[in-house]
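A short write-up of the structure that comes next.
The values are calculated or read from the model by the stated rules, or taken from the named source; none is laboratory data. These numbers come from a predicted model, not from an experiment. In this analysis, Cβ positions are derived from the backbone assuming ideal geometry, glycine residues included, and neighbour counts consider all displayed protein chains. Heavy atoms of the whole protein, side chains included, go into the accessibility calculation; ligands, DNA and RNA do not. Shrake-Rupley method; radii C 1.70, N 1.55, O 1.52, S 1.80 Å.
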Amino acid sequence: MLTGDGTIGLTGTYRMLGSIIGGALIGEAINIEDRMEEFGVWLKQKTGSSGDTRFVDGFVTASLTVCIGAMAVIGSINDRLLADPSVLFAKTVLDAVIVMIMTSALGKGCIFSALSVGIFQGTIFLLAGFLEPVMTPEALSALSAVGDILIFCVGTNLFGLPHVRVANFLPALVIAVSWMR
């Protein structure tokens, strides 16, 4: 951020890093990634997809891609409190395109990310009355910044770089929003 005197300030950087580190510690302690993978294995068995070697990876990767980000949160809150589903409609179109592309590369496990989106956005929709006072512009900015980093990490996993257990970073989103309150 460029300040008034022409210098560059690092406003919010420490909070963002603190959110990511705290989120990683909490996520590793409760092992979110392994729980998502276990659910993916269960889905794989229930759908008769035992021959699909990328099913679980596709499910987890697509779920993280479509759930992380401000549109899921803002859209659900707007739909509940303002009766305005327009953000969710736009997100649905974007998610459909993303999941179709991912399905071609990672298999049909990606399609089941719809369950994750339903649970995630449904929970936010139901809790919207409680979340409204917390979701200030600063909190949404922090959510977006941390979400962008997590999306970047999902991308590094797709490129075959060293694997980042992105799901274990999900608590960082909650910390980032809470910290800005």
Test for Leu17: is it free of Cβ contacts under 8 Å to residues at least 40 places away in the same chain, open to solvent by 70 Å² or more (accessible area, probe 1.4 Å) and under 23 Å from Ala142 (Cβ atoms): yes
Helices (runs of 4 or more DSSP H) wholly inside segment 87-181 that include at least 3 residues being open to solvent by 40 Å² or more (accessible area, probe 1.4 Å) and either among the aliphatic types (A, V, I, L, M) or closer than 17 Å to Leu64 by Cβ (or both): 113-131, 137-158
Pairs with Cβ under 7 Å, 6+ apart, first in segment 128-144 and on the phi < 0 side of the Ramachandran plot, second open to solvent by 30 Å² or more (accessible area, probe 1.4 Å) and aromatic (Phe, Trp, Tyr): Ala142/Trp179
Candidate set: segment 27-49, residues that are within 16 Å of the chain's Cα centre (by Cα) and among the hydrophobic types (A, V, I, L, M, F, W, C); chosen: the one surrounded by the fewest Cβ atoms within 10 Å (Cβ to Cβ): Ile32
Selected residue (criterion: farthest from the chain's Cα centre (by Cα)) from residues of segment 122-155 that are among the polar types (S, T, N, Q) and either at pLDDT 90 or above or farther than 18 Å from Ile98 by Cβ (or both): Thr136
Failed criterion for Arg80 (all others in (1) surrounded by fewer than 15 Cβ atoms within 10 Å (Cβ to Cβ); (2) of a type in the set (D, E, K, R); (3) more than 15 Å from the chain's Cα centre (by Cα) hold): (1)
Of the criteria (1) more than 28 Å from Asn31 (Cα to Cα); (2) outside any helix (DSSP H, G or I), which one Thr53 fails: (1)
